[in-house]
Amino acid sequence: MSDHALNPAHAGHDVSHEDHPGPGLYLLIAAILTVLTAAEITVFYVPGLQPVLVPILLVLAIVKFAFVGMFYMHLYYDSKVFTTLFVFPLLLALLIVFGLLLLFSHLQGVLSFVVP
Amino acid sequence: MRSVSRLNKFVGSGLLAAMVFAFFGCGNFNAPMQTFASGSDLAKWITSLYIQITIWDSIVLAIVLIVLALAIFVFSTREGDPTEPHEHESDLMLELAWTIAPALILMFITIPTVRTIMRTQPSKWPANAITVQVHAHQWWWEFDYPGLHIATGDEVHIPINRVIHFELYSDDIIHSFWIPALGGKRDVIPGQVNQITLIPSVTGEFYGQCAEFCGLSHANMRFRMVVDTADGFKQWVAAQQAPPVEPQEAAAKNGEKIFKNAPCAICHTVRGISGFSKQYDYGFRGPDLTHFGSRGTLAGSIFDNNPKNLAMWIQDPEKVKPGARMPTLGLRGTDLHDLVAYLESLK
Amino acid sequence: MAAQPKPLAFEHPSYLHDPGGIWSWITTVDHKRVAVLYGITALFMMAVGGMEAMLIRAQLMVPGNHLLSAAAYNEMFTMHGTTMIFLVLMPLELGFFANFFIPLQIGARDVAFPRLNALSYWVFLGGTIFLHLGLLRSIYGLPDAGWFGYANLTERMYTPGINVDCWDIGLLILGVSTLLSGLNFFVTIVNLRAPGMTFMRMPMFIWAMLVTTILILLAFPALTVGLIFLFADRFLDTHFYRVSAGATPILWQHLFWIFGHPEVYIMALPAFGMISEVIPPFSRKPLFGYPMMAYSLVLIAFLSYGVWGHHMFATGMGPIADATFSITSMLIAIPTGVKIFSWLATVWGGRLRFTTSMLFAVGFLVEFTIGGLSGIMHASPPVDLQQTDSYIIVAHFHYVLFGGVLMGILAAFYYWWPKITGRFLSEKLGKAQFWITAWAFNATFFPMHFVGVLGMPRRIYTYAPHMGWDFWNYFESVNAFILGFAFLLFFINIIWSAMDGEIASSDPWDARTLEWSIPSPPPAFNFAAVPMVTSRDAFWVRKYGTVGTHGVAPAIAGGAAAAPIGAHAEVEEHIHMPAPSLYPLIFALGVFLMGVGCLVWTRLIIMGGAVTVMSVIGMVFEYPSFGKFDPAMIAESTLGLDHRKVGMWAFLGSECVFFASLISTYMVYKDRNLGGFDAMILNIPLTSVSTFVLLTSSLTMVLALAAVQRDDRKWSVFWLASTVLFGCIFLGGQAFEFTDFVMQGLKIQTNLFGQTFYTLVGFHGIHVLIGVCWLIVLTIAVARGKIGKDRSLAVEIGGLYWHFVDIVWVIIFTLIYLMRTVKHA
């Protein structure tokens, strides 16, 4: 099955998914994603890893995100236009998240929940 | 005749306003809220920056208008002219110039801006600063002096040449505390305590107003700020700390009874007579009236404080101040007269 | 090359001509007709918004006026702002001019998604009506909390009536319409340009629209999220903006201005584009500094996302944030200055023709410069503390939005009207309109700088006499009425011209861009033959042979005789225009019903939702080439990509901002929770299983796509059905999780954790649900043989959506579940 799909000859007419990988690679990616998710959950439960929890989890999440985006969503094979269309908003979204977190962490200092 | 003099005033104040604008606040006419102000250190810093940026803006505007006028009236031809215009599409030096020149001008604006930001938002203030807690309500201002045990509404007194530290609280929604003569505004945000710190440098009575839209009577949420001399402030504090004046006249005595028995006392404090009670906390309260008679204005500072206005206000608050929380009590005749007499006696 | 085309009678009827009558307008998907519908609606709303402005000025004419009550005044300024922004400026720029001229300027036959375009219009109309729906209940039923709708004034406790409900839902509906138009135009510009029209050959208006659509895609989601929170607060009793639960109303201001500042450029950039189209032909010169003009647009757009805080200097963000936002705001002045000077340089040395259009363009240059410069003052936080919420701000943004944007639109009206209708607007009336506007606009709004300096706050329905404001307010009001008169002339001009205007040739201005190469008004298919573009100013080059005018013999200047290039060409045999459709209207009706349902009868929401879903499905299968791989289309497309796929990716980009707003709200509010349930309630084992399930569904999804692409129906159905199954398992897990939490006592109203958790994870769940429905439809279609290899695109696009939902879950699982003990703020 994977031989068949890895050979793009049959998909000749469509430029947009002519280079798409086949089930073999998809299964490989799925295995990697499963392992990474298992790692995430393990990290969560191991008490000794708590101090480095955030960086590890963030890295793992970014790697999973990138794998799905690149292979399942074919960004790695498709036109770079699509990557641009997706990555630019992603960066902007990150900017918004970090901006708001910074702004509100300042606010935390001047808050009073006790209404006088 | 009246309308003519009014028109004169319109024109007069208009021309003056234009001159104020032209000469950056050197005018001396009746505009109590004008923003080229110098009543405090804060106001002076802001005004200085304001003038700098206005000058830069004017220069740039003049350049653009001159270039436009030259382009239209001198360096162009009109329809029907036989010469074809030159196909001038780009000029690297020119384009670099009008990218870099504004950037330089912006530096001259940004550097003093950042310095003024740092100056005007101190994170510390001296221990002897006078703290005034400003509580914004829909639609009036309450001022508490936590160290002095004074509470007042619509009118706030501060001494000259002392560091004044305003803490801004809101019990309901977002308002904005603004006294143009003494400097800029700060939003008053529920759940958040904002600050303004300033040193007033001129005595006098200054106008303030809520600047953030806060519902129906946003326009009727004003206040007065009186900057006293050091002695004047001391006297005012002493007078405010004193217990309320005992009513002397018969009318005022009767008025006190009415005040106690009518719902007034639920929301309004007169020290020793009534107190705002948590038990009846509807989420809003009225101003402390212990020394109501000493104030110049009433009802969110929209009326001068005199018996006639007070009677009008008590009779139908909603009519003169849309959405006012104070209920109509249906008082009339002698009752109304006596209540007014009592309240005005609370000097 | 510069051969003189011979004048020729047009054999093809214009787009306005259709024997179908009114029905043909209701079902139209022709971008030109949709544009006309937008134009009529927006012009009507312009009259309404103008009346509201007149009432505002009448009330403020003298101090202590009693013409309007406080309630009526608050409604008037709220609706004046909302109307002019959402129902006049944006629809005129996007719906009317961009819709009409994007395809014409890039040499396309229509927009990328014609039915989506009609759908945008009908949804827009629904939103417009919805904003005014409160009038049915009471004459005081209009929204009254300001166009900016600052929380917590908008909470039910402070504004109990239907007014703010209509505003909230109305803007949500309008947001859908705007987002879809933005998406549509973005794909059109990116992928439907005529052969040879590279990015650096596009007319500047197209550049402006390209950047504008990106702004729309990436700014509106923030507003949508803010409005959804407001909706939840008002209808579900949550506490997104309520201090009593530990929330802060400032969150609204952040979300609103993350949208709101780009929104300013969403309005301003199209006007920049229009001015860039108008000045060159009337100066008989090419646009000066084209590359810098284009780059400065991009730079302005980029910076506009980093300046939202300058609307909030008075809220006490702290000195560091103030300084940062101040500097980024000032930086915008640099690219804006480049634009102003480039326009001046275009005029410089030109052979000027002062048509009405050109007059308005020059007016724009002056007024916009004034507005831009006063903006620099407000970008300085200390100065802004004396200025914000005072009349100097009113002066500033009217110089930008009226003196700038609206003058740009008027210039565009006089310039493009002959192309739209085939008739001229009267130059005589137009010039009268211009000079009256020029006087009255400045006389109305310049004195607002004075009253601002004199300390008059905004949004006050009454003011005391002797504040130094009396004269100027009187003066402003009188001139505002004169300004109203100028617009009366405009409306008269439009009506007169439509009925009896002078007939215009195809190229009446001797213009430079492609839209002038076809008849006025254009035929339904726009271009008989798709034009080949070899340079900037494509039509000019065809007429005269060079980019500039240098060396052209004066004899052929004038151009009035030049006939449309396409007129004598053989109409290509296979021009195939999209068929009319009623589904857009039905969809809009469904959305409208859902909105009404929120107000009056909950069951109506479900009915409206059903209508909406059915219309989407109907629309999909109505289109015979549904999901079809179309080599001809891809060959014609600019990027060699299918525009459905481009559209999907652009949409997913927009979704990133949507989820970013939800996620940041969760992270900000999580640590402000005032006790009760918190993230420790989260069931990690259950969610871990859900995560595996969703990841597996992504695998089955790609396997399904691979199966469809090799035309293996059995396996396609199997993998698609598996995906549906896994999706359902995930949804079931989520339903179990939510039920479990509710049973434990955590409701959406309980506390900040509850509401932010339920909205974030709930909206992800809704995306999964939509994905599952989508996949079910695909599965059935594949099983019935409707989707094979040639239509695999349908599965691919559905798959993209599905994978996106999956990667959002990857983030949510990490940030919300696994990092539940981490403090963010």
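Read-outs: derived from the displayed coordinates by stated rules, not from any lab. Predicted model only: the values in this text are computed from it and were never measured. Positions of Cβ are backbone-derived with ideal geometry, glycine not excepted, and every protein chain shown enters the neighbour counts.
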Note to self: C-alpha centroids of the range C:602-669 and the range C:501-520 sit apart, in Å, by 36
In debye to the nearest 20, the charge dipole size for the range C:28-485, taken about the Cα centre with +1 at each Lys and Arg Cβ and -1 at each Asp and Glu Cβ, equals 1520
Partner aspartates and glutamates whose C-alpha sits under 18 Å from that of B:Lys319, ignoring same-chain residues fewer than 8 away, are B:Asp304
For the protein assembly as shown, whose charge dipole is built from +1 on Lys and Arg Cβ atoms and -1 on Asp and Glu Cβ atoms, the candidate among C:Thr78, C:Met594, A:Gln50 with its Cα farthest towards the positive end is C:Thr78
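When only Cα pairs under 8 Å and 6 or more residues apart are kept, what is the percent relative contact order across the range B:93-155? The partial results should precede the final answer.
Details: 38 pairs, mean separation 10.4, N = 63.
That works out to 17 percent.
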Check: C-alpha center the range C:169-189 vs C-alpha center the range C:776-812, spacing in Å is 23
The set of residues whose placed amide H lies less than 5 Å from the amide H of B:His268, leaving out same-chain residues fewer than 5 positions away, is B:Gly286
The residues B:His218, C:His239, C:His66, sorted from fewest to most surrounding Cβ atoms within 10 Å, come out as C:His66, C:His239, B:His218
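Please compare each pair in B:Lys260/B:Lys321; B:Lys124/B:Lys321; B:Lys185/C:Lys747; B:Lys44/B:Lys347; B:Lys321/B:Lys347 to a cut-off of 30 Å on the Cα-Cα distance and tell me which ones are over it. Provide the component values of the computation, followed by the final result.
On the way: B:Lys260/B:Lys321 24 Å; B:Lys124/B:Lys321 39 Å; B:Lys185/C:Lys747 39 Å; B:Lys44/B:Lys347 35 Å; B:Lys321/B:Lys347 25 Å.
Table pairs above 30 Å Cα-Cα are B:Lys124/B:Lys321; B:Lys185/C:Lys747; B:Lys44/B:Lys347.
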Expected vector for the range B:318-333, Karplus 3J(HN,Hα) from phi with 6.51, -1.76, 1.60 and θ = phi - 60°, integer Hz, x for Gly and Pro, equals 4, 6, 8, 9, x, x, 3, 6, 6, x, 7, 9, x, 6, 8, x
Non-local residues with an amide H under 5 Å from the amide H of B:Ser170, with H modelled 1.01 Å from N and Pro and chain starts lacking one, are B:Ala136, B:Ile189, B:Gly191, B:Gln192
Excluding residues fewer than 8 positions from C:Lys786 in its own chain, the lysines with Cα under 20 Å of it are C:Lys628, C:Lys645, C:Lys714
For the protein assembly as shown, whose charge dipole is built from +1 on Lys and Arg Cβ atoms and -1 on Asp and Glu Cβ atoms, the candidate among C:Gln253, C:Phe130, C:Pro584 with its Cα farthest towards the positive end is C:Gln253
Computed for the protein assembly as shown: size of charge dipole around the Cα centre, +1 on C-beta of each Lys and Arg, -1 on C-beta of each Asp and Glu, debye to nearest 20, value 800
Karplus ³J(HN,Hα) for the range A:57-64 (6.51 cos²θ - 1.76 cosθ + 1.60, θ = phi - 60°; Hz, whole; x = Gly/Pro) runs 4, 5, 4, 4, 5, 5, 5, 4
Percent antiparallel among DSSP beta bridges confined to the protein assembly as shown, rounded to 5, stands at 70
Taking placed amide H atoms and a strict 5 Å upper bound, the residues 5 or more places from C:Tyr461 or on another chain that come that close are B:Ala219
The farthest towards the positive end of the charge dipole of the range C:650-818, of the residues C:Phe804, C:Phe757, C:Val668, given +1 on Cβ of Lys and Arg and -1 on Cβ of Asp and Glu, is C:Phe804
Karplus-derived 3J(HN,Hα) from phi for the range B:63-68 (6.51 cos²θ - 1.76 cosθ + 1.60, θ = phi - 60°), whole Hz, x at Gly and Pro, runs 4, 4, 5, 5, 4, 4
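Which order do C:Trp809, C:Trp802 fall in if you start with the one that has the fewest other Cβ atoms within 10 Å?
Numbers: C:Trp809 24, C:Trp802 30.
Going from least to most buried by this count: C:Trp809, C:Trp802.
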For chain B, longest principal axis from Cα atoms; helix B:230-241 axis from its Cα atoms; angle between them, nearest 10 degrees, is 40
The answer for chymotrypsin sites (Phe, Trp or Tyr not before Pro) in the range C:109-168 that fall in a DSSP coil and have at most 13 neighbouring Cβ atoms within 10 Å is none
Place a point 7 Å from the Cα of C:Ile495 in the direction of its beta carbon; the residues of the range C:43-69 whose amide N falls under 14 Å from it are C:44, C:47-48
If R0 = 45 Å, then C:Ile139 and B:Thr83, at their Cβ-Cβ distance, give a FRET efficiency to the nearest 0.05 of 0.10
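Dipole magnitude of the range C:650-818 about its Cα centre, charges +1 at Lys/Arg Cβ and -1 at Asp/Glu Cβ only, in debye to the nearest 20? Please report the intermediate quantities before stating the final value.
Values: 10 positive and 10 negative charges, 88 e Å.
Rounded to the nearest 20 debye, it is 420 debye.
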So, over other residues within a Cβ distance under 14 Å of B:Ala43, counting Lys, Arg +1 and Asp, Glu -1, the net charge is +3
Quick calc: nm separation of the 7 Å Cα→Cβ label points for B:Lys124 and A:Ala31 -> 6.3
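Using a/c under 1.5 as the rounded threshold, could you call the range C:650-818 rounded, prolate or oblate? The axes a ≥ b ≥ c are square roots of the C-alpha gyration tensor eigenvalues, and prolate needs a/b larger than b/c, oblate otherwise. Kindly include the intermediate steps, with their values, before the conclusion.
Details: a/c = 2.93, a/b = 2.17, b/c = 1.35.
In terms of gyration-tensor shape, prolate.
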As straight-line cross-link partners of B:Lys257, the qualifying aspartates and glutamates (C-alpha separation under 17 Å, not fewer than 8 residues apart within one chain) are B:Glu246, B:Glu249, B:Asp335, B:Asp338, B:Glu344
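Among C:Thr700, C:Thr388, which comes first, second and so on when ranked by fewest other beta-carbon atoms within 10 Å? Present the calculation step by step, with values, prior to reporting the outcome.
On the way: C:Thr700 23, C:Thr388 26.
Ascending Cβ contact count within 10 Å gives the list C:Thr700, C:Thr388.
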